[in-house]
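To start, I am sharing the structure in question, which I have written as structure tokens.
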Amino acid sequence: SDPNILVDATPLLAGTKVVSTAVQKSNQRQMCCCKKGGNICKLCDWKKNCRKALNWNWQRYHKTKTSTLGKESVQPTLGRCLVQADQRILELLNVRHSGLHPMVASDRGSPQSGFPGANTTIYLVRHGYSKFNQLMEEGKGKKDFISGKLNDAVLTARGQDQAVSSQEYFRRELQGVPPDGVQLAASLLSRAYDTLIMATAHVWEKNAEILVDQVPAMMEIGKGPDCRRQGNKLDFAPVHLSESSLSIGSPLLPSSFGRFYAQGPTHGQSGPSDWLTDNAWQVQAGYPRRAVGKCDDDQLKDVLLYLARRVQEGKTHIIIGSHSANIRCVMRLSSELGITPTNQALWAGPPTKEADEEHYDVFKNKLPNGGALSFNLEVPRNFVDVGDLRMSQLVLASPDRGFPKLGKLL
């Protein structure tokens, strides 16, 4: 009960026992205590040493720094709290009963004995046309993007139109599906997150219970500034409305779309009451982005594991806002693991010109901007490993081919 102990409060606020991603060698213990001002961390049992904590002063999400754990180098990925001993931590462990939930959750779930197996429909949606896409199309390339110091790459007006064009598609796809059977999730880069919110407006407009998962593992794979957060934010900082192309609002969306974004100058940085939220989003820190410039198998397996866990929770339709390289890498790994037998997706709509083909290679080609790759995902009985998953019925729809041309747009 030393008041000068530095504690990683995320597992406490999430109300679950979670192994830190920084400590891979132990499944039972985690890095949770550091002496203030010191750079040597020790492992300690969170039940004995961390439960007597409250009185937080939430510090700003800090830039990733390397600290030392014995001979191992670890990367702290979340902000920490200065805490004082206080038995009231038990009250925080029950915050979900008051309608609040932690902004960041570290829980990855666990194998469920007795799970009967289930099938669900997955939609991997590539973001709409972005400013980076525009520069590339104009022949200016990455150098111009880098010289402009443009981290992330927000949607252009054309990209917003592409996202809106899929509203009727998803309205028809999810017609009659119970709200509690739908899961929305996305990358924390604004172009993918905005695309998901705009594309699924028919889904969440009349359903106040929809919660969007912000999943770092779904972020783009690459070294360029278009793969970095605005302001060089950490991957675990929630998506803020100021980062969005929708920051000035949109006549194409219900005004309630703001509940899917952090708002205000210090949202998530000022203290415990601010760290908890009743807004309709949650950062899933248990599925981190690991790769820099390449496809990382562990990160891609995390994407598949996330999908499987949501299926185990009873989700029948999962819509993901992501990126071209991430989607292709996920599909290639799925082929290597024997999850999908084919790299060919069937086009949802008829050819728009004579040269159009009936199938589309999702390993070789980028999905069209705003396009949605759907497939059936089978999670077997007593699922344990992602290699046991099975994909089938790959179908591709896009703003130019497959999305309904008529229908009410919000």
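The values are calculated or read from the model by the stated rules, or taken from the named source; none is laboratory data. Values in this document were obtained by computation on a predicted structure and should not be read as measured data. Note: ideal-geometry Cβ built from the backbone for every residue, glycine included; neighbour counts use all protein chains shown. Heads up: the accessible areas ignore ligands, DNA and RNA and are worked out on the full protein's heavy atoms, side chains in. Shrake-Rupley method; radii C 1.70, N 1.55, O 1.52, S 1.80 Å.
Hey, among the residues in the range 315-342 that are within 26 Å of Tyr193 (Cα to Cα) and in a loop (DSSP other than H, G, I, E, B), which one's most open to solvent (accessible area, probe 1.4 Å)?
Going through the qualifying residues, I end up with Thr316.
If you don't mind, another one. If Thr120 satisfies every condition in (1) part of a strand (DSSP E or B); (2) open to solvent by 50 Å² or more (accessible area, probe 1.4 Å); (3) at pLDDT 80 or above but one, which is the exception?
If we test Thr120 against (1) part of a strand (DSSP E or B); (2) open to solvent by 50 Å² or more (accessible area, probe 1.4 Å); (3) at pLDDT 80 or above, just (2) comes out false.
Inspect the range 173-193 for any residue being part of a helix (DSSP H, G or I), among the hydrophobic types (A, V, I, L, M, F, W, C) and at pLDDT 95 or above and give the result as yes or no.
yes
Collect the residues in the range 156-172 that are under 25 Å from Gln282 (Cα atoms) and open to solvent by 30 Å² or more (accessible area, probe 1.4 Å), keeping them in residue-number order.
Across the range 156-172, the qualifying residues are Gln160, Arg171.
Name the residues in the range 187-214 that are closer than 15 Å to Lys315 by Cβ and under 10 Å from the mean Cα position of the chain (by Cα), would you?
Val212, Asp213
To keep it simple, each residue is scored yes or no on (1) modelled with pLDDT under 95; (2) farther than 23 Å from Arg171 by Cβ.
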{"position": "Val303", "(1), (2)": "no, yes"}
{"position": "Ile339", "(1), (2)": "no, yes"}
{"position": "Val362", "(1), (2)": "yes, yes"}
{"position": "Lys366", "(1), (2)": "yes, yes"}
{"position": "Phe375", "(1), (2)": "no, no"}
{"position": "Val384", "(1), (2)": "yes, yes"}
{"position": "Arg390", "(1), (2)": "no, yes"}
{"position": "Pro399", "(1), (2)": "yes, no"}
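Do you know which of the residues in the range 229-249 that are assigned to a loop (DSSP other than H, G, I, E, B) and open to solvent by 20 Å² or more (accessible area, probe 1.4 Å) is modelled with the highest pLDDT?
Ser245
Let me ask something else about it. Need the failing condition index for Glu209 against (1) in contact (Cβ under 8 Å) with a residue 60 or more places away in the chain; (2) closer than 19 Å to Gln284 by Cα; (3) touching an Asp or Glu at 6+ places or on another chain (Cβ under 8 Å), just the number.
For Glu209, the exception is condition (1).
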